[in-house]
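Below: the structure, in structure tokens.
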Amino acid sequence: MAGNLEEMPREQLVKHVLSLQETLSDLTSRVDQIKSENGQLKEENDILKEYTDNLMGKVSNLQGLGTIPPSPVAFQRTKESAVTVRVNDHIGELTAPAMED
């Protein structure tokens, strides 16, 4: 390829270099964009991990969980029996059953 570049007319060589610089600039911008998206996803994963850890902590405090099937009366859902938490714009809202501390 070095031989080919030496044989190119100067004007064509300058156009080729400018084209390569533009490609490099585009790739650099894309890498920066991916890094930003990766950081955002990592933050969202941390939030979801904290959310699930909190839910698991609450569930572990419940006695007799899963030992008998719930009665139809105990299983009825009402507006007050669920807690909705807005995580962020990307994830949206997550709803969990209300639990007394």
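The values are calculated or read from the model by the stated rules, or taken from the named source; none is laboratory data. Since we're looking at a predicted model, the values are computed, not measured. Quick reminder, even Gly has a Cβ in these numbers, built from the backbone with ideal geometry, and neighbours come from all protein chains shown. For accessibility, only protein heavy atoms count, side chains too; no ligands or nucleic acids. Shrake-Rupley method; radii C 1.70, N 1.55, O 1.52, S 1.80 Å.
Key figures for this structure:
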{"quantity": "Among the residues listed as V31, V87, the single one being open to solvent by less than 100 Å² (accessible area, probe 1.4 Å) and either modelled with pLDDT of 85 or more or among the basic types (K, R) (or both)", "calculated": "V31"}
{"quantity": "One residue from T67, T95 being open to solvent by 80 Å² or more (accessible area, probe 1.4 Å), at pLDDT below 65 and either within 30 Å of L5 (Cβ to Cβ) or not in a helix (DSSP H, G or I) (or both)", "calculated": "T67"}
{"quantity": "Filtered residues of region 1-28 (kept if open to solvent by 90 Å² or more (accessible area, probe 1.4 Å), at pLDDT below 95 and in a helix (DSSP H, G or I))", "calculated": "N4, E6, E7, R10, E11, Q12, K15"}
{"quantity": "Some residue of region 45-61 being of a type in the set (D, E, K, R), in a helix (DSSP H, G or I) and modelled with pLDDT of 95 or more", "calculated": "no"}
